[in-house]
1. Starting from residues that are assigned to a loop (DSSP other than H, G, I, E, B) and open to solvent by less than 40 Å² (accessible area, probe 1.4 Å), keep the ones in the stretch 284-309 and report whichever is nearest to PRO361 (Cα to Cα).
2. Could we say that LEU155 is over 25 Å from MET175 (Cβ atoms), open to solvent by less than 50 Å² (accessible area, probe 1.4 Å) and either assigned to a helix (DSSP H, G or I) or among the aliphatic types (A, V, I, L, M) (or both) here?
3. Please state which one of ALA71, ALA117 is more than 25 Å from LEU349 (Cα to Cα) and among the small types (Gly, Ala, Ser).
4. Identify, please: which residue in the stretch 158-172 is among the hydrophobic types (A, V, I, L, M, F, W, C) and either under 18 Å from GLY232 (Cβ atoms) or open to solvent by less than 10 Å² (accessible area, probe 1.4 Å) (or both) and is, among those, nearest to the chain's Cα centre (by Cα)?
5. Mind counting the residues in the stretch 424-438 that are outside any loop (DSSP other than H, G, I, E, B) and buried (at least 17 other Cβ atoms within 10 Å of the Cβ)?
6. Determine whether ALA281 is of a type in the set (A, V, I, L, M), modelled with pLDDT of 95 or more and outside any loop (DSSP other than H, G, I, E, B).
7. From the list LEU89, LEU46, LEU77, which residue is surrounded by fewer than 20 Cβ atoms within 10 Å (Cβ to Cβ), in contact with a helix residue (DSSP H, G or I) (Cβ under 7 Å, 6 or more places away or on another chain) and at pLDDT 95 or above?
8. Give the residue that is least open to solvent (accessible area, probe 1.4 Å), with candidates limited to residues of the stretch 173-197 that are in contact with a helix residue (DSSP H, G or I) (Cβ under 9 Å, 6 or more places away or on another chain) and basic (Lys, Arg).
Amino acid sequence: MRIVLNRPSTIIRSPRIRLVLLALCAAFPLIAGYPCRATLNHPYLLVTAKPVQGLRSLEAVRKDIRKGRSAKLWVELLANVERDIKKPLIVAGNKHNRSYNFVALTCNRIADAALVALITNERRYAQASLAQIEVLFDTEKWPEWSDQAHLDAGLKSDLRHGQFARAIGFAYDWMYQLLTPGERARIVAGLDRCAIQPFKASIAANEKWIRRQSNWKTSVVGGFAILGMSLGDDHPEGKWLVEFADPLMDKYMEVFGPDGEFNENPGYASSVRFIVDHYLAKFYASGGRQKPAQLEQLRAFSQWILYSIAPPRRILAFGDAQTTAAPNLAYFGALAAVLRDPVIQWTYLKYVEFSAEDARPRAQELLCFDPAVQPMSPAGRLPLARNFPAQSGIVTSRSSWDPEVPVSAVWTKARTEDVHRHADWGQVCIDGLGERLI
């Protein structure tokens with residue numbers, strides 16, 4: 001009698017048993033003469049192993065990083081990874097709260113090293129990414145993934161689970177071929193315990209963030225969708241993670257107003273990068289069949305953001321945004337590429353260098369930037385004053401589109417946005433020559 005364990009998720013009903021069988025399959029590629037898993041042609045998230053019409057291949061990436069801005073991004077990425085390899089692993093322990101910034105830097109370290117491993121085909125970079133991933137599964141060094149405030153609120157999973165799911169999802173796909181079956185099995189088992197089961201517990205508890213149209217949905221649900229795309233049949237819930245997310249992510253696109261207005265303040269709008277990640281990942285995971293038509297809605301949103309920038313380097317501080325926070329626009333390069341939009345490309349190139357380091361996932365930035373999109377200034381193309389009546393009702397006027405020191409710029413808002421709803425309507429902000437006056 002032969003026991004065939006090919007694609008056990010379709011045979012065994014118990015998720016725990018299926019996970020054990022999948023781990024065995026990863027550790028022992030042949031059982032009773034049969035392959036234990038479908039062969040997946042990794043990578044296929046944001047980059048393809050072989051050329052595919054309309055998608056960017058690994059060969060094309062290696063060619064592009066020899067010149068222009070892509071070369072600059074590659075040099076920066078490689079330098080960051082080489083620097084991080086020499087540092088101790090990032091550990092939370094009982095001393096560090098799992099804040100957005102702390103987790104974002106950890107996620108960048110994981111994904112950046114994984115992409116460098118893919119491009120160079122050097123295992124030492126994969127080992128660096130793997131080490132940072134595996135320490136997350138150590139309950140002494142990372143006793144919890146959740147932010148302390150979210151733990152105190154009794155949530156089963158939170159934003160941090162979504163951040164890690166997205167980063168590890170990309171990393172697992174990019175360095176797949178450089179990992180041993182045993183290493184892949186350990187990642188899958190750790191993700192099941194630390195990420196997927198807490199996420200399922202939140203869903204079972206019907207926690208409020210699942211129903212709410214806020215950045216939590218794109219960060220958490222969208223992050224787990226990318227993880228599901230990456231894992232595929234390596235985890236019995238891989239397909240379900242994607243299927244659960246699809247209607248919620250599509251529904252979320254309804255939050256944007258008719259002129260691109262976001263339902264949170266401009267500071268929180270950087271979370272839209274999770275939407276871009278999600279639909280681009282789906283596009284690639286489908287082999288180019290599921291074109292990201294939803295992203296067309298973000299053309300108007302990109303203008304709303306452009307009008308919400310106080311040159312040279314501040315985002316309008318409505319709501320609870322920090323008054324000195326820079327616009328985080330690393331994802332605008334991807335948006336410009338998919339929409340073939342020269343003004344979005346101009347916005348990206350003018351402002352991305354001001355982004356906080358934790359808000360620059362350089363791996364995604366490198367893969368998604370398209371040098372073929374020529375930047376064009378909004379001068380003469382967009383009016384100097386705009387009224388955005390939906391959501392917070394932002395009104396802006398400036399003397400020019402100079403990204404450094406326009407002579408004057410004025411902003412106000414007429415109402416509250418749907419999410420956060422801070423009572424700061426009616427305030428007037430005035431800048432002169434790049435300095436805040438009022």
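1. Applying the first criterion (assigned to a loop (DSSP other than H, G, I, E, B)) to the stretch 284-309 yields 286-292, 308.
Next, only the ones that are open to solvent by less than 40 Å² (accessible area, probe 1.4 Å) stay: 286-288, 292, 308.
Working: SER286: 23, GLY287: 23, GLY288: 23, PRO292: 20, SER308: 22 Å.
Of everything passing the filter in the stretch 284-309, PRO292 is nearest to PRO361 (Cα to Cα).
2. On the way: over 25 Å from MET175 (Cβ atoms): yes; open to solvent by less than 50 Å² (accessible area, probe 1.4 Å): yes; either assigned to a helix (DSSP H, G or I) or among the aliphatic types (A, V, I, L, M) (or both): yes.
So LEU155 fits the description; yes.
3. On the way: ALA71 fails: more than 25 Å from LEU349 (Cα to Cα).
Only one candidate qualifies: ALA117.
4. Going through the stretch 158-172, the residues among the hydrophobic types (A, V, I, L, M, F, W, C) turn out to be 159, 164-165, 167-168, 170-171.
Next cut, either under 18 Å from GLY232 (Cβ atoms) or open to solvent by less than 10 Å² (accessible area, probe 1.4 Å) (or both) only: 164-165, 167-168, 170-171.
Working: PHE164: 10, ALA165: 10, ALA167: 7, ILE168: 11, PHE170: 9, ALA171: 12 Å.
Ranking the qualifying residues of the stretch 158-172, first place goes to ALA167.
5. Pass one, the stretch 424-438, residues outside any loop (DSSP other than H, G, I, E, B): 428-432, 435-436.
In the following step, the residues that additionally are buried (at least 17 other Cβ atoms within 10 Å of the Cβ) were identified as 429, 431.
Matching residues across the stretch 424-438 total 2.
6. Values: of a type in the set (A, V, I, L, M): yes; modelled with pLDDT of 95 or more: yes; outside any loop (DSSP other than H, G, I, E, B): yes.
So ALA281 fits the description; yes.
7. Numbers: LEU46 fails: surrounded by fewer than 20 Cβ atoms within 10 Å (Cβ to Cβ); LEU77 fails: surrounded by fewer than 20 Cβ atoms within 10 Å (Cβ to Cβ).
Going through LEU89, LEU46, LEU77 in turn, just one is surrounded by fewer than 20 Cβ atoms within 10 Å (Cβ to Cβ), in contact with a helix residue (DSSP H, G or I) (Cβ under 7 Å, 6 or more places away or on another chain) and at pLDDT 95 or above: LEU89.
8. ARG184
The values are calculated or read from the model by the stated rules, or taken from the named source; none is laboratory data. Please read these numbers as outputs of a predicted model, since none were measured by experiment. Ideal geometry is used to build each Cβ from the backbone, glycine not excepted, and the neighbour counts take in all protein chains shown. Just so you know, the surface numbers come from the protein's heavy atoms only, side chains and all, with ligands and any DNA or RNA stripped out. Shrake-Rupley method; radii C 1.70, N 1.55, O 1.52, S 1.80 Å.
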